Structure formats: C-alpha cells, structure tokens
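Q: Dropping a structure here in structure tokens format, bear with me for questions.
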Amino acid sequence: MKTLKDLNLKTKRVILRCDFDDVFDGRGNLVDDFKIKKIIPTIQYLLFQNARIIIIAHGKNVFNEHRILTKKEISNIFNFQKIAENISKEIDRPVKFYKDLLSENLKKTVQAMQPKDVILLENLSLYPQEVENSLPFAQQISLLGEAYINEAFSIACYQYATITHLPLLLPSCAGLLFEQELLELSKITLNPQRPLISVLGGSNLTARIGIIERLSSIADHLLIGGEIANFILSAKGITIGKSFRDPFLDAVASKIDLTNQKIHLPVDSIVSLSTIDNDYMHISAIGAIRKEEQCYDIGPESVLLFSEILKTAQTIFWSGSMGMFENDRFANGTREIAKVIAHSNGYKIASGRSTIAFLKLADLRDKISFVSLGELSAMKFVAGESIVGIDVLD
C-alpha cells in the first residue's frame, strides 16, 4: 500500500478524503472533534510540503439514521463551516469552506490556490452519486487535484465513488492516520501478545456475525454481548425473549459452535419490555427470559465472568457496547467492561461507533492504547477480508 513517503506532494493540489461522521449532534452542534484532530498530522505534513490542500468528506450521524434527511436538513445539521473553523484553529491557518463541489467557479478557485492554502468542500452526503459509486462523479472531482490521499479508513470497505474510483484517477496513497490504523490493527492479526481477548458487542449484526469464526480462531477468548449476543441466543433457542430475526443471519448463527470453550455469551441479562419508558426492569437468567421481554444489557454475573477473563489479557480488541448504554439504566454492563479494559496493563484497541461514543461519555479514551475510527473496516481487516479502499492504493 502506498503511503505519503511514496508521493512527491510538493506544491501539489492534494485532495484529502476524510470522515466527519458523528462530529455533530442532531441539532447541528459540533460536539466531538475527535475525528477532526486525528487528521491534523496529515494536514500539517502537507503544509510542510507547501501543498494546496482540498479536503472532501462526508458527514452524518446516528441521531438521524431513522429517516432520510433532505439536503437542506443535512446542510443545517452538518454545517461544514464549523468544521472548517475547527481545523483552522488546530493548524493556525485560515480554512475556507466552499458550499459547492462540482461548479465551474470552484474549478477556478482551486486553480488559483497558493501553496499552503486549505479549503474544505461541501458534504459528500449531499451527493447521491457518491454512494452510487459513480465514475463520472469521481472523474469530475479528480479535475480539482493532482494527487489523492485517503484518511477515511472508517469507510474504506464501502464502494463509494471517492473511495474506489478517485484513487485510480490520480497519484494516490494512504494518509498518516490510515497507515496508523493498519499498523495498530496488525498487532491483533500478527503475533499478538497473549492471551488475546476479543470483546464483541453492538448491533451491526451482519458485520459481527461474519467475524465470529475468524475472531474465535485467532483469539484465546471471545466475549460476546449486546444485540449480537441476544440474536445468537435467540437463534440457538436458548432464550425466547424478543429479538430481531433474519433468515440469512439465522443460518450463519446456527453454525456458531457454542461448545467452543473460547466463546463466552452472557449468562444473565437486564431485561425490560419494548416500552422501556416504564419502570419494568429486572435481572434474568438467560434461559428464564419471557417472550414479551427484551435484553438491554448484560447482567451482573456476565459482567463478573467477562471481567475475570479480561483481567488475564495481554491484548484486547473491543468493538461494540454491551447494551443500550444511551439509557443509563442499561449502561452498567458497558461501563464495567470498559473500566476493566481501560485499566488493563495489556495492549488494547477499541473500535466502532458505540464503543467510541461510550469512551467519550465515560472519559476513558485516553486509557485505550489505540482508538480505531473504523467499525466495519476494522472488523474486516481483523478477519482478513479484502478492503477495497486498501486494494486501490496498492
């Protein structure tokens, strides 16, 4: 994979592809600049090279995934002007925001850029051509630059136009953060310090179900919580509580060998009804959950079991929360597991949206050896699967 040292970027117009998911809340407030800070070293490197920097990025968040937003709503909620101002403070240079992406005026503006100029273009989420993987769209954007750098490892596994096509239209490489992601995740896949313990939670069932076999083959222990645990227990007929079901995922889950001594599922759960705004909540053994109940967190016995195993770890890979931590009544499992991981003397990587969000909430990010911005990309890499955003940089 090509990296920054492989390209001559002096005075070049460089398109820097970034990810600004989850930096805003649902009301347009910039509440988490963690992802922005992560790309600053690459911007500073490019400034040292007297490059002309053109930042392109997408921005959305979990607050609005329940419905499709209009373009006006996206522009209001994900105000990239605020991101430009944040980057400007970090690098102590002006960063201009252009509420545009494809116009002739922008082409003229880009051609007139001077060395060390930095501009941020409009949110790629406003352009359906991006997720449609449109080659003409990528070709139009390629006319703006003379080189391309990918700093969006988090979406490197997606067939997006600026991830798959754009790197093939310009001299391209990975940025410093992208390169670091692969180096750190390789500590999980290449001769990790043992015991290696993986913790898998969250609700991205399709991605996580597919990685279980690979994780159980490379890890000494695999601890599974969250919605993924609920689904497996339900698919196996161990619990009859309400859980999402899917025929394809059921077939995959049926192949998971629960007699494998490496795999550990919850033995108890914090349960409630689907209308969690009432006071109904109690601890239940997994096999005693009623059909009208749902699991919202791992229970105290599961916390104890998982914690004792984690205390033996020399390497930890954690992706996904143990329950619905956004509601404090169901946050204890994630909170206690996070504390054990944070205070482990081993090397620990945390990845995934819910994991990153909780670490911020619990003020534990600085206790983690490396926080990966990838979720699906990180899991695919650990599982040894091909990632298109890496392949095109070879």
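Q: Would you check which residues across region 230-254 are modelled with pLDDT under 70 and not in a helix (DSSP H, G or I) and list them?
A: Within region 230-254, ILE240, GLY241, LYS242, SER243, PHE244, ARG245, ASP246 qualify.
Q: Moving on to the next point. From (1) of a type in the set (Val, Ile, Thr); (2) outside the structural domain of ILE83 (by TED's automatic domain parsing); (3) touching a His at 6+ places or on another chain (Cβ under 9 Å), pick out the condition that doesn't hold for THR189.
A: THR189 satisfies all of (1) of a type in the set (Val, Ile, Thr); (2) outside the structural domain of ILE83 (by TED's automatic domain parsing); (3) touching a His at 6+ places or on another chain (Cβ under 9 Å) except (3).
Q: Could you tell me whether ASP257 is modelled with pLDDT of 80 or more, more than 28 Å from the chain's Cα centre (by Cα) and outside any helix (DSSP H, G or I)?
A: Numbers: modelled with pLDDT of 80 or more: yes; more than 28 Å from the chain's Cα centre (by Cα): no; outside any helix (DSSP H, G or I): yes.
No, not satisfied.
Q: Still on this structure, I have one more. Which pairs have Cβ atoms under 6 Å, sit 6 or more apart or on different chains, and link a residue in region 317-336 that is at positive phi to one that is assigned to a loop (DSSP other than H, G, I, E, B)?
A: Listed pairs, sorted by first residue: GLY320/GLY201; GLY320/GLY202; GLY320/GLY352.
Q: In region 270-297, which residues are touching a Leu at 6+ places or on another chain (Cβ under 9 Å) and in a strand (DSSP E or B)?
A: GLN294, CYS295
Q: Sticking with this one: Which number in (1) under 28 Å from GLN159 (Cβ atoms); (2) at pLDDT 95 or above; (3) surrounded by fewer than 14 Cβ atoms within 10 Å (Cβ to Cβ) marks the one condition that LEU4 misses?
A: Result: LEU4 fails condition (3) only.
Q: Being surrounded by fewer than 24 Cβ atoms within 10 Å (Cβ to Cβ) and part of a helix (DSSP H, G or I) is the filter; apply it to region 377-394 and report the residue that is modelled with the lowest pLDDT.
A: Looking at the filtered set, the residue picked out is LYS380.
Q: Exactly one condition in (1) of a type in the set (Phe, Trp, Tyr); (2) closer than 30 Å to GLN114 by Cα; (3) surrounded by fewer than 22 Cβ atoms within 10 Å (Cβ to Cβ) is false for TYR160; which is it?
A: (3)
Q: Residues SER217, SER142: which one is polar (S, T, N, Q) and assigned by TED's automatic domain parsing to the domain that holds VAL14?
A: Unique residue meeting the criteria: SER142.
The values are calculated or read from the model by the stated rules, or taken from the named source; none is laboratory data. A quick note: this is a predicted structure, and the numbers were derived from the prediction, not measured. Positions of Cβ are backbone-derived with ideal geometry, glycine not excepted, and every protein chain shown enters the neighbour counts.
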